[in-house]
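The values are calculated or read from the model by the stated rules, or taken from the named source; none is laboratory data. These figures come from a predicted structure and were not determined experimentally. Using ideal geometry, Cβ is built from the backbone for each residue, glycine included, and neighbour counts are taken over all protein chains shown. All accessible areas refer to the heavy atoms of the entire protein, side chains included, with ligands and DNA or RNA removed. Shrake-Rupley method; radii C 1.70, N 1.55, O 1.52, S 1.80 Å.
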Amino acid sequence: MPFNSDKNGFQNEIEFIKSINNKKIININYNLQLFLEDIFPKITKTDIVKCYKNEKPQKCDIFIKVNDEVKRISIKKGVKNSVHNEPISEMIHFLIESHMPRDLVIEFLKYHYADGTTNGTGSVRMTIEDYKKEHQAKIDSINNFINQKSLLIKAIDRFVLKGRNSKEKIDAIIYGIPDDFLWIKRKDIYKILIKKRNNYSSGIHFSSLSYQPLNRCINNNPKYEKCRYISQVKWYNICDDIIENMNDNFNI
């Protein structure tokens, strides 16, 4: 599948809009028809679709409207998909609000900076591989806590579905380009990520969502220094998880 198209993310969103905006369902490519019929169960082939860009920096990239019903859609493509960034201070505030014990908060910060400190002031910065060799048991303790179902649901809302600057959750994620894509609806995002919450990973993770700083800046490059203070969440296996969810639904 040509999921790794040369189109950048913004251009890909525009292509999706062009593919469906002001068109009748029947005149849209077949895969898009299946998608629209899935998220709008009551539409007919002669209904006209409206589609427009979300100009705000939110999880929703495009709005799709049929009749008076509006759906919020996030669009992803390529590999190593980043689904969320935020200052480490706000990430820690989220974890404290979620009742993470103080000792685990400290270990979370040490993992983030990997320089022996909780604030990034250490003189020796370790690669994540070296850090894991010395601190795997502590990382496992963090993962056992953050993958509790109740906390994971809040993390899914924050990192994937709603973010920090919207009151509305997305209805689905599209993965790919207009001529070749997969999709997963909100209820299935919860389902697949909750299903995988106990899968083992040696790094900090919220189910399939991997945690890291935006840049570890091991070589002290001043260009990337500020990136050390930003949390990043990636959904590396998003395509595989979508396919697994489709298979699960098919076998019900």
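Here are some residues: LYS185, LYS191, LYS169, LYS196. Which one is among the basic types (Lys, Arg), touching a helix residue (DSSP H, G or I) at 6+ places or on another chain (Cβ under 8 Å) and under 25 Å from GLN136 (Cα atoms)? Steps first, answer last, please.
Working: LYS185 fails: under 25 Å from GLN136 (Cα atoms); LYS191 fails: under 25 Å from GLN136 (Cα atoms); LYS169 fails: under 25 Å from GLN136 (Cα atoms).
Answer to the check: LYS196.
Going through ILE17, ILE26 one at a time, which residue ends up being among the hydrophobic types (A, V, I, L, M, F, W, C), open to solvent by less than 70 Å² (accessible area, probe 1.4 Å) and over 30 Å from LEU151 (Cα atoms)?
Details: ILE26 fails: open to solvent by less than 70 Å² (accessible area, probe 1.4 Å).
Only one candidate passes the filter, namely ILE17.
Residues in the stretch 171-182: is at least one over 22 Å from ASN85 (Cβ atoms) and among the β-branched types (Val, Ile, Thr)?
Yes, the conditions are met somewhere in the stretch 171-182.
Just to confirm my filter: which strands (runs of 3 or more DSSP E) fall fully inside the stretch 45-96 and include at least 1 residues that are crowded, with 20+ Cβ neighbours inside 10 Å and free of Cβ contacts under 8 Å to residues at least 60 places away in the same chain? First the steps, then the outcome.
Numbers: elements: 48-53, 62-66, 69-76, 81-87.
Counting at least 1 such residues, we get 48-53, 62-66.
Since GLY9 meets every condition but one in (1) at pLDDT below 95; (2) open to solvent by 50 Å² or more (accessible area, probe 1.4 Å), which condition does it not meet?
Evaluating GLY9 over (1) at pLDDT below 95; (2) open to solvent by 50 Å² or more (accessible area, probe 1.4 Å) leaves (2) as the failure.
From the residues in the stretch 106-151 that are among the charged types (D, E, K, R) and in contact with an Asp or Glu (Cβ under 8 Å, 6 or more places away or on another chain), which one is least open to solvent (accessible area, probe 1.4 Å)? Steps first, answer last, please.
Residues of the stretch 106-151 among the charged types (D, E, K, R): 107, 110, 115, 125, 129-130, 132-134, 138, 140, 149.
If we keep only those that are in contact with an Asp or Glu (Cβ under 8 Å, 6 or more places away or on another chain) too, we end up with 125, 138.
Numbers: ARG125: 39, LYS138: 91 Å².
Among residues in the stretch 106-151 that are among the charged types (D, E, K, R) and in contact with an Asp or Glu (Cβ under 8 Å, 6 or more places away or on another chain), the one least open to solvent (accessible area, probe 1.4 Å) is ARG125.
So, of the residues in the stretch 204-252 that are charged (D, E, K, R) and either more than 16 Å from the chain's Cα centre (by Cα) or closer than 30 Å to GLY122 by Cβ (or both), which turns out to be surrounded by the fewest Cβ atoms within 10 Å (Cβ to Cβ)? Quick ask: steps written out before the conclusion?
Within the stretch 204-252, the subset charged (D, E, K, R) is 216, 223, 225-226, 228, 234, 240-241, 244, 248.
Then drop every residue that is not either more than 16 Å from the chain's Cα centre (by Cα) or closer than 30 Å to GLY122 by Cβ (or both), which leaves 216, 223, 225-226, 228, 234, 244, 248.
Numbers: ARG216: 19, LYS223: 8, GLU225: 12, LYS226: 11, ARG228: 20, LYS234: 19, GLU244: 16, ASP248: 13.
Going through the qualifying residues, I end up with LYS223.
Condition check: open to solvent by 50 Å² or more (accessible area, probe 1.4 Å), within 18 Å of SER231 (Cα to Cα) and under 18 Å from the mean Cα position of the chain (by Cα). Does LYS154 satisfy that?
On the way: open to solvent by 50 Å² or more (accessible area, probe 1.4 Å): yes; within 18 Å of SER231 (Cα to Cα): yes; under 18 Å from the mean Cα position of the chain (by Cα): yes.
It is true that LYS154 is open to solvent by 50 Å² or more (accessible area, probe 1.4 Å), within 18 Å of SER231 (Cα to Cα) and under 18 Å from the mean Cα position of the chain (by Cα).
Where the second residue is open to solvent by 30 Å² or more (accessible area, probe 1.4 Å) and the first is without any contact (Cβ under 8 Å) to a residue 60 or more places away in the chain and lies in the stretch 151-163, which pairs have Cβ atoms under 6 Å and are six or more apart or on separate chains?
Cβ pairs passing all conditions: LEU152/ARG197.
Any residue that is more than 20 Å from ILE242 (Cα to Cα) and either crowded, with 21+ Cβ neighbours inside 10 Å or among the small types (Gly, Ala, Ser) (or both) - is there at least one of those in the stretch 180-193? Explain how you work it out, then say what you get.
We begin by selecting, within the stretch 180-193, every residue more than 20 Å from ILE242 (Cα to Cα); these are none.
No: the stretch 180-193 contains no residue that is more than 20 Å from ILE242 (Cα to Cα) and either crowded, with 21+ Cβ neighbours inside 10 Å or among the small types (Gly, Ala, Ser) (or both).
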